[in-house]
Amino acid sequence: MSDRADTVIVGGGVAGFQAAMTLRRLWPEKTVTLLDKEEETGYYRTLLPQFINGTLPENKLFFPPSADDRHLRILTAVRVESIDREKRTLRLSGRGDLHYQRLLIACGGRPLVPQPFVGADCAGIFPVRSLTAARMARQWLTSHPEVVVLGGGLVGVKTAAHLAGFGYTVTLIERDDTLLPLALSAAAAGLVADHLRQKKIRLLLGRTVDDLHSTAGAISAVQVGGDWLPCQTLMVATGSLPDLAWLHDSGLLSEGRLEVAPTLQTADPHIFAAGDAVTIVDSARYTPWTWPQAVVQGALAGENCHAAVPRSLRRYSRVNTMNLNGLSLAILGLPVPGAARAVYAPAGAGIYRELFHQDGTIVGGALVGDISLGGRFHQLMATGLAGERDLESLLVPRKGVWSPQAAVFVRNVRRARILPQGVER
């Protein structure tokens with residue numbers, strides 16, 4: 001096969017789809033080919049825990065189908081082996097070469113599997129990353145209800161929360177002393193931990209899995225410290241790494257990182273990148289690997305591919321909201337050492353709201369248990385605190401309050417639901 005397209009997108013996650021839809025909208029005369037290594041593409045990865053526990057039917061995972069578009073082609077189960085930048089050609093496994101005028105890399109990450117499980121020849125171990133693994137886990141769980149979730153980050157906490165209460169015994173193991181160590185302060189994470197314990201989830205913090213035991217070819221126990229815990233199903237949620245092996249000899253990587261400017265342009269003016277694959281280089285290096293960022297970056301990269309003057313990404317943080325099986329959570333940004341902090345945490349209310357601010361700007365924070373006024377805080381992160389001196393008062397929830405800023409917040413949260421138009425399957 002020798003083929004060509006005006007723009008080739010590598011990666012069928014949300015960043016890739018946002019890029020494809022933006023390209024088709026802005027340049028309807030240009031052809032777009034999207035490549036994905038998975039058997040199926042175009043689904044909400046963030047909803048996999050609800051699919052695994054059986055509360056979400058599989059058809060609800062996928063972006064709704066739309067009308068055919070002869071200028072948009074999607075190829076699944078395709079791996080890119082290498083790139084020839086001089087010829088602007090991708091070598092595809094088993095399919096020959098694909099030529100591009102512009103290339104957009106949105107290949108996301110691959111699961112990070114801890115050493116005790118690398119090459120483990122036993123059933124019942126599932127990385128929480130792909131639909132293929134989620135399908136297998138969902139079927140396996142029906143007769144293997146003793147579950148260990150390894151990893152207390154966003155994916156692990158969400159997986160544990162949505163497995164609890166469905167006939168499974170759930171243990172969550174996190175290496176750090178607190179849950180969500182890369183997203184929340186210890187105080188905010190404490191409320192999340194309390195919620196999970198109320199859901200009958202056993203938490204082992206400051207611990208990790210040292211070894212595993214299998215019986216009849218399936219995992220049966222994991223060793224944590226000196227103790228062996230029953231484990232019929234192991235859900236691995238210890239994070240991911242950018243899936244960049246095919247770029248090894250491309251000259252695009254710097255110490256293994258795919259670095260881009262704020263315009264999401266790589267060192268090659270014909271190649272852009274977005275999502276979990278990239279490191280953004282500005283005044284510092286940023287890796288904002290969240291679903292909302294992938295949505296925004298994908299759209300911007302698609303816009304910039306053929307733009308005469310590419311636009312820059314305005315912010316490297318985006319509000320990340322979720323519901324942990326009954327506990328609402330909005331992450332506004334990581335805690336910043338040395339920043340001042342405002343807190344609203346009434347005793348016994350199950351609410352913890354905090355903001356970190358520095359030099360007149362909100363630089364981080366979280367809303368746990370009540371995410372009202374999230375739109376206002378999102379606006380203030382961008383515009384500064386010139387008219388807001390009493391953050392403690394602002395943090396007090398205001399029931400029934402709705403504002404243009406709240407509407408903007410909701411739109412930003414829902415941008416992940418912008419759906420592809422004209423996908424050929």
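What is the number of the single condition among (1) free of Cβ contacts under 8 Å to residues at least 60 places away in the same chain; (2) closer than 17 Å to Thr132 by Cα that Asp84 does not meet?
(2)
If Tyr100 passes every condition in (1) in contact with a Lys or Arg (Cβ under 6 Å, 6 or more places away or on another chain); (2) not acidic (Asp, Glu); (3) not in a strand (DSSP E or B) but one, which one does it miss?
Of the numbered conditions (1) in contact with a Lys or Arg (Cβ under 6 Å, 6 or more places away or on another chain); (2) not acidic (Asp, Glu); (3) not in a strand (DSSP E or B), the odd one out for Tyr100 is (3).
When you check Arg45 against the structure, is it surrounded by 13 or more Cβ atoms within 10 Å (Cβ to Cβ), touching a Ser or Thr at 6+ places or on another chain (Cβ under 6 Å) and under 29 Å from His248 (Cβ atoms), yes or no?
no
For region 191-207, what are the residues that are at negative phi and either outside any helix (DSSP H, G or I) or in contact with a Phe, Trp or Tyr (Cβ under 8 Å, 6 or more places away or on another chain) (or both)?
Listed by number, the residues that qualify are Leu191, Lys199, Ile201, Arg202, Leu203, Leu204, Leu205, Arg207.
Among all residue pairs at least 6 apart or on different chains, which show Cβ distances below 6 Å where the first residue, located in region 251-265, is touching a residue at least 12 places away in the same chain (Cβ under 8 Å) and the second is acidic (Asp, Glu)?
Pro262/Asp282
Which strands (runs of 3 or more DSSP E) does region 208-305 wholly contain that include 2 or more residues that are under 30 Å from Val147 (Cβ atoms)?
Ranges flagged: 211-215, 218-224, 227-230, 233-236, 240-242.
Please note which strands (runs of 3 or more DSSP E) are completely contained in region 315-364 and include at least 2 residues that are polar (S, T, N, Q).
320-323
Inspect region 349-370 for any residue being exposed (fewer than 13 other Cβ atoms within 10 Å of the Cβ), within 30 Å of Glu29 (Cβ to Cβ) and touching a residue at least 24 places away in the same chain (Cβ under 8 Å) and give the result as yes or no.
no
What pairs come up if the first residue lies in region 39-50 and is on the phi > 0 side of the Ramachandran plot, the second is buried (at least 19 other Cβ atoms within 10 Å of the Cβ), and their beta carbons are under 7 Å apart, counting only those six or more places apart or on different chains?
The qualifying pairs are Gly42/Gly12; Gly42/Phe17; Gly42/Pro420; Gly42/Val423.
List, please: which pairs have Cβ atoms under 6 Å, are six or more places apart or on different chains, and start with a residue in region 273-294 that is in the same structural domain as Ile9 (by TED's automatic domain parsing) and closer than 13 Å to Leu313 by Cα and end with one that is in a loop (DSSP other than H, G, I, E, B) and at pLDDT 90 or above?
Ala273/Thr266; Ala274/Ala106; Ala274/Leu264; Gly275/Ala106; Asp282/Pro262
Just to confirm my filter: which strands (runs of 3 or more DSSP E) fall fully inside region 1-94 and include at least 2 residues that are among the β-branched types (Val, Ile, Thr) and at pLDDT 95 or above?
Here the list reads 2-10, 32-35, 80-84.
The values are calculated or read from the model by the stated rules, or taken from the named source; none is laboratory data. What you see is a predicted model; the values in this text were computed from it and never measured. Here the Cβ is made from the backbone with ideal geometry for all residues, glycine too, and neighbour counts use every protein chain on show.
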